[in-house]
Amino acid sequence: MDIRIEIIREVSQELVGTSGELLPQLSSTAKPLDSEALDRMVTCDANTVLVGRPLTRSSAP
């Protein structure tokens, strides 16, 4: 499977949902991040937020 890495520049509901699924895997005590908290993280000049997305391939040549 090929993965495309993207820089997140704005918060979407998909990002909120995905972070809500990932965070409990990283910490059992961390509280879920809401869209405002994620927006502060994404728009902070000191941060670069990356996401990996699977590439979909067509069967056409």
#### Entry: Environment charge at ASP2 (Cβ cut-off 14 Å; Lys +1, Arg +1, Asp -1, Glu -1)
+2
#### Entry: Surface per residue (accessible, 1.4 Å probe) for the chain, Å²
85 Å²
### Query
Which ³J(HN,Hα) values, rounded to whole Hz and listed in residue order, are derived for the range 32-38 from phi using the Karplus coefficients 6.51, -1.76 and 1.60 in 6.51 cos²θ - 1.76 cosθ + 1.60 with θ = phi - 60°, glycine and proline given as x?
x, 8, 8, 5, 5, 5, 5
### Calculated Rg and Dmax of the chain using C-alpha coordinates, Å
14.1, 48
### Query
For the chain, what % of the accessible area comes from carbon and sulfur atoms, probe 1.4 Å?
52 percent
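The values are calculated or read from the model by the stated rules, or taken from the named source; none is laboratory data. What you see is a predicted model; the values in this text were computed from it and never measured. Positions of Cβ are generated from backbone atoms using ideal geometry, with glycine treated the same way; all protein chains shown enter the neighbour counts. For the accessible areas, the whole protein counts, side chains as well, though only heavy atoms, and no ligand, DNA or RNA atoms are used. Shrake-Rupley method; radii C 1.70, N 1.55, O 1.52, S 1.80 Å.
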